[in-house]
Amino acid sequence: MASAASIAVTTADPHSAESISAGSGIEAATKGGTGEGEGAVSYHAFRSEEADLAAVMRAVQAELSEPYSVFTYRYFLHHWPALTFLARAPRSANQGTAEATEGDDAEGRCVGAVVCKMEAERAVARGYIAMLVVAKEWRGRGVATSLVTRCIEAMKAAGCAEVVLEAEVTNEGALALYGI
């Protein structure tokens, strides 16, 4: 088993040690896309278990080596739904690929997701990026950067002072994303 590198990002001075929850005024960090046209990716915050849980689970299970149970997803999504973001490719961008029908819904296919949490630790609000995944064919297009930016901005808006994550030391793409 490869060892993990722990990475910390200082975001701002702590304003609050409260956890972030849905409807906490972070809409600016939750909307938008990466451009115009057929291949544009759209982003949105987690909406509900019915709308997004299966898409997040499919994306993570397809790309990450660590198996998670549905209870792990529910733990994060129930407590910190506003800290989960999905990236979706339009249906037309998926045509002709093996993934064209599997995982597609009315909004297209989930091609990336980030799942996070935020808690007070010694009176300091600390964020944690638990899962970050981008489909192989969508890597190198800024999707991971956009997802991480959205979650960090949401945590900053809620008063988070620090964001941490772990990455396998053999995961060159993740280490490059975080500047390691």
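Just to verify a number: FRET efficiency for L64 and A176, C-beta to C-beta distance, R0 = 22 Å, to 0.05?
0.80
Take each of the peptides 54-63, 117-126, average the number of other beta-carbon atoms within 10 Å over its residues, and list them starting from the highest.
Descending packing order for the listed peptides: 54-63, 117-126.
What does the extension gain come out to for E166 and S42, with contour length at 0.36 nm per residue minus their alpha carbon separation?
42.0 nm
Where a number appears in this text, it was derived from the coordinates with a stated rule and is not lab data. These figures come from a predicted structure and were not determined experimentally. Here the Cβ is made from the backbone with ideal geometry for all residues, glycine too, and neighbour counts use every protein chain on show.
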